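Everything on this sheet refers to the single structure shown next.
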Amino acid sequence: MISLNIGKCRVDILPIVKGLVSEAEKIRETYGRYEAYAASLGIEEIMALKDRDNIEDVQELSEIDMVYVYHLSNFGEIEAPAPALCELIDLCSKDSLEVIPLDMNNEEFTEMYIQTVKTMEFVKEHRLAKKGMKRHFDMSSAESFAIAWDTYLNKVKGYGKVSRKREEYIASQIKDIAKYRTSLLAVIEVERVNNIATLLTNNE
């Protein structure tokens, strides 16, 4: 957990490893102490998770995602959608609270992605996934692996730029929310947390 004071708001950033079932416990242990709750998701993703019991479509994993799951399974049971984010949304729903989206909506993200990732970079995904299966990552913890995996993917210039733009957007959203709240829990994937915290600290 990273704690920051932004204006008069106490912001706690809770890092999670997306996919691990055990990460939901972090939410249960932390929930209930804040005026507001937010997650590194777009509005459409939050709505879909909120209504996931009524959605029958199963999204197929990309090659990149399958390699990530293969390595991450060393640390426990894996589920999709991310159990920690589902837990946050379910707990907030029970208390008639809305999870605040920190990430871009679908249209904004798609436009940014198209402008940032070159076609030749996108078609490299198969090779990236294939090499990722054989690569030795830091497996000292699930968090260390998630960060190492993200570093590996972001060696592709376009992917790295997408990550930075998401971090800048999420940091700006947190800063904006802090103007109107006294306490905020922001649930964010571990690989984005340090850069977002640095952006917030520098802005302050």
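Quick notes
- Hits in segment 27-46 - residues which are touching a strand residue (DSSP E or B) at 6+ places or on another chain (Cβ under 7 Å) and among the hydroxyl-bearing types (Ser, Thr, Tyr): 30, 34, 37, 40
- Condition check for residue 161: crowded, with 16+ Cβ neighbours inside 10 Å and either under 15 Å from the mean Cα position of the chain (by Cα) or under 23 Å from residue 22 (Cα atoms) (or both): no
- Residue within segment 174-185 that is closer than 30 Å to residue 130 by Cα and either at pLDDT below 95 or of a type outside the set (Gly, Ala, Ser) (or both) present: no
- Helices (runs of 4 or more DSSP H) fully within segment 24-106 that include at least 1 residues being more than 29 Å from residue 177 (Cβ to Cβ) and of a type in the set (D, E, K, R): 63-72.
- Contacts under 8 angstrom Cβ, first residue in segment 36-55 being crowded, with 17+ Cβ neighbours inside 10 Å, partner of a type in the set (Lys, Arg) and modelled with pLDDT of 95 or more, 6 or more apart: 36/181; 40/166; 40/192
- Segment 126-153 - residue that is crowded, with 16+ Cβ neighbours inside 10 Å and among the acidic types (Asp, Glu) and, of those, nearest to residue 37 (Cα to Cα): 143
- Filtered residues of segment 1-16 (kept if of a type in the set (A, V, I, L, M, F, W, C), in a strand (DSSP E or B) and under 20 Å from residue 83 (Cβ atoms)): 13, 14, 16
The values are calculated or read from the model by the stated rules, or taken from the named source; none is laboratory data. Because the structure is a prediction, the values reported are computed rather than measured. Cβ sites come from the backbone with ideal geometry, for glycine too, and all protein chains shown count toward neighbours.
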